[in-house]
Amino acid sequence: MKKRKAGSGAGVMEILQIPPDLAKKDCILTLCGRGELYIENYRKILEYKEDRIRILTRNGRLSVEGADLAIASYTGEEMYVTGRIRSLAIDGAGREG
């Protein structure tokens, strides 16, 4: 009987050329200037106000602060935020709160 090597899944991901962030379902943030934010792989919306949007991600709680913030569109995995973005912060380890 052959024993499986630890981490053999990493080899499959490499062969299939799947980027590590997609394989682990990490949150991916793409900031376009100070007015557009594209979020991939989020879990849920925790707070939605004109000056602050808080989102639960696998990496922690993402806080977007600014003015005239709006969730222009979203699906179960992707979100597009517009407005005058002043700051982004990730806090915690992906737990709700």
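Filter region 45-61 down to residues that are loosely packed, with under 14 Cβ neighbours inside 10 Å and within 13 Å of the chain's Cα centre (by Cα) and give me whichever is modelled with the lowest pLDDT. My answer is Arg58. Can you tell me which residue within region 62-83, out of those that are acidic (Asp, Glu) and in a strand (DSSP E or B), is surrounded by the most Cβ atoms within 10 Å (Cβ to Cβ)? Filtering first and then ranking leaves Glu65.
Got at least one residue in region 10-24 being under 22 Å from Asp91 (Cβ atoms) and at pLDDT below 95? Taking every residue of region 10-24 in turn, at least one turns out to be under 22 Å from Asp91 (Cβ atoms) and at pLDDT below 95. Within region 24-43, being touching a residue at least 40 places away in the same chain (Cβ under 8 Å) and open to solvent by 60 Å² or more (accessible area, probe 1.4 Å) holds for Leu29, Leu31, Arg34, Glu36, Tyr38, Arg43. Name the single residue that is surrounded by the fewest Cβ atoms within 10 Å (Cβ to Cβ) among those in region 86-97 being closer than 17 Å to Glu36 by Cα and within 16 Å of the chain's Cα centre (by Cα). Applying the filter and picking the extreme gives Ser87.
The values are calculated or read from the model by the stated rules, or taken from the named source; none is laboratory data. Keep in mind that what you see is a predicted model, and the values were worked out from it rather than measured. As a convention, Cβ positions derive from the backbone with ideal geometry for all residues, glycine included, and neighbour counts pool all protein chains shown. Side chains included, ligands, DNA and RNA excluded: accessible areas come from the protein's heavy atoms. Shrake-Rupley method; radii C 1.70, N 1.55, O 1.52, S 1.80 Å.
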